[in-house]
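Structure first, commentary second.
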Amino acid sequence: MKSTRLLRPALALALVALLAPGCKKDAAEAPPGAAQNGGSGGGGGGAIDTKGFPAVGEAPQIEVVNQGAEPRQQLRYKVQAGHSEQMLMVMNMQMSMTMGGNAMPSAELPAMELSAAVDVKEVTGEGDIRYEFRFTDANVVESPSVNPQVVAAIRDALQGVTTLKGEAVVSPRGVVKKAAIDVSGIENPQLKQMMENLQRSLDQMSVPLPEQAVGQGAEWKVKQAIEQGGLRVFQTSTMKLASLDGDKVKLDVQVEQNAPQQTFSPPGMPSGASAQIDKLHTTGAGTTTVDLNRIIPTSKLNMKTNMAMVIQMGDQRQPMGTDMTVDMSIQPK
């Protein structure tokens, strides 16, 4: 089995894809108040309540808790065909681990900067927005407090990112109806899997908006079931409308994620090894400012994940616990 030092950056990159809220790709929009059938949450210590969640692959369930004060308006994206913009995503991570019940030294991971370009190709009569995106740069920020070997490992893993491109179709309510990413230019199988997971941070930049008209102080919840890299996660995002100025929408965001007991294979694991999740719980909070005439928001989110799992390779079982903090920002360039 690889050393703990080598596993850390690989596991961190695998988890990043789970920590950015958004809609599940390839989903049709669910009508407000539609009944949803949640999946089973697994047994034993991994059991969670999935009541009210859609199935994996279905559209998120959007529930308005409070319509807010008058005046109210329907929030709809109205990006025009031909619109182009640039995006910068910055992720800072810290992680502590236990292996076999023994605490390992805390690891500060280097900041990662990913740049992308977005080009709106078409807006349908129904208002659906089809846009293409491509990565234009990937950078790992060196720091005196970060182990140079970890910096080198993540920098090597990100080579080839600028060959990635894809497209997405988003409804006027911010629901991603379709998304795809082309990883054919990447030969490294681990990087392919990691970037397919990281895709969600791009193809879900839009914020799911309620059907009803809302005003300042409005609150709605977005429930979704996400399967990413083979790991099934149930996520609830709570959006509170802090201010509304024409097409400028500022939201306070809270996120909670839970995963049932399950087995998956994170990128970077040795061949034949697997990880059984016994517990995964994430909480997060931040702000998002949306200009309804643009795709890319300005957002900051801090998320904390506590995970307990068992890594198995052959007849060897190694209990492992992870606490990870991610600070993530997205902004137009």
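The values are calculated or read from the model by the stated rules, or taken from the named source; none is laboratory data. Being a predicted model, the structure only gives us computed values, none of them experimental. We place every Cβ from the backbone using ideal geometry, glycine too, and count neighbours over all the protein chains shown. The protein model used for the area step is the full one, side chains on, heavy atoms only, and it has no ligands, DNA or RNA in it. Shrake-Rupley method; radii C 1.70, N 1.55, O 1.52, S 1.80 Å.
Applying 1/(1 + (r/R0)^6) with R0 = 41 Å to the Cβ-Cβ distance of Glu63 and Asn139 gives a FRET efficiency near 0.55. Take every Cα pair under 8 Å whose residues are at least 6 apart in sequence, average their separation, divide by the length of the range 239-284, and the relative contact order is 35 percent. Ranked by the mean number of other Cβ atoms within 10 Å of their residues, highest first, the peptides 142-151, 92-101 fall in the order 92-101, 142-151. When peptides 167-176, 307-316 are ranked by their average number of other Cβ atoms within 10 Å per residue, the highest-first order is 167-176, 307-316. Annotation: per residue accessible area for the range 246-322 equals 41 Å², rounded to a whole number [probe 1.4 Å, protein chains only]. Multiplying the residue separation of Gln94 and Gln216 by 0.36 nm and removing their Cα-Cα distance gives an extension gain of 40.4 nm. Got a number for the accessible area of Glu256? Probe 1.4 Å, square angstrom, nearest 10. Its accessible surface works out to 80 Å², give or take rounding. Can you figure out the FRET efficiency of Val310 with Gln73, using R₀ = 45 Å and their beta-carbon distance, to the nearest 0.05? Efficiency, rounded to the nearest 0.05: 0.35.
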